[in-house]
1. Suppose only helical runs count, i.e. DSSP H with n ≥ 4. What mean residue ellipticity at 222 nm does that imply for the chain under -39500 (n - 2.57) per run, divided by all residues and rounded to the nearest 500 deg cm²/dmol?
2. Modelled label-to-label distance, residue 156 and residue 115, 7 Å Cα→beta-carbon offset: nm?
3. Using the count of nearby Cβ atoms within 10 Å as a rough guide to exposure, how do 171, 143 rank from fewest to most?
4. Treating the angle as unsigned and between 0 and 90°, give the value, to the nearest 10°, between the Cα long axis of helix 73-87 and the longest Cα principal axis of the chain.
5. Once both axes come from the Cα atoms, what is the angle between helix 107-117 and the longest principal axis of the chain, in degrees from 0 to 90, rounded to 10?
6. Quick check: from the Cα gyration tensor, does region 116-164 come out rounded (a/c under 1.5), prolate or oblate?
7. Please work out how much length the chain gains when fully extended from residue 163 to residue 91, using 0.36 nm per residue of separation minus the C-alpha to C-alpha distance, in nm with one decimal.
8. Given just the C-alpha atoms of region 7-55, how large is their convex hull per residue in cubic angstrom?
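Just so it is clear, none of the values below were taken in a lab; they were calculated from the coordinates. It should be emphasised that the depicted structure is a prediction, and the values quoted were computed from it without experimental measurement. Don't worry about glycine lacking a Cβ; one is built from the backbone with ideal geometry, like all the others, and counts go over all protein chains shown.
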């Protein structure tokens, strides 16, 4: 197999990558507006993330986490795909793991999948309710050491585990 030679001037160093990591918007997307999606995209751009991943939750996952009904996953995914197409953002992806599984997906399984598939560091962009729900799981202490949380303000009450790991999360600032 022939080699492809590249000629570069002496002392050339490739430019450092300016964009690193992945911002995952982990939510139900039931009541999320286009303005909130634009805000998430601006956060990803401002913090120089390589990708913004929109991760809509399956109906069974939402039912077990929050005990509230939501519309079908495919309807929420279609809305996200439409927003992506109309906004012209190329670094945005809509994750479809829950659509493939078609059932309840535990948070740790979803995080394991995201960690394997996307570039690290991994940041979760979550609402305060979702942050409290994630912190209530027994595997939270294991995962908070591997990921960071960006929480959308305002925040009324903090889960005690979030208070204990306050150095691993921050407020979204856009």
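1. Details: 8 runs with 69 residues, N = 174.
Helix contribution divided over all residues of the chain: -11000 deg cm²/dmol.
2. Computed distance between label sites residue 156 and residue 115 equals 3.2 nm.
3. If I rank by nearby Cβ atoms, fewest first, I get 171, 143.
4. Relative to the chain, helix 73-87 is tipped by roughly 40 degrees.
5. Long axis of 107-117 versus the principal axis of the chain: about 10 degrees.
6. On the way: a/c = 2.34, a/b = 1.41, b/c = 1.66.
It is oblate, given that a/c is not under 1.5 and a/b is not larger than b/c.
7. Details: separation 72, 0.36 × 72 = 25.92 nm, distance 3.23 nm.
Once the chain is fully extended between residue 163 and residue 91, it gains 22.7 nm.
8. It is 90 Å³ per residue.
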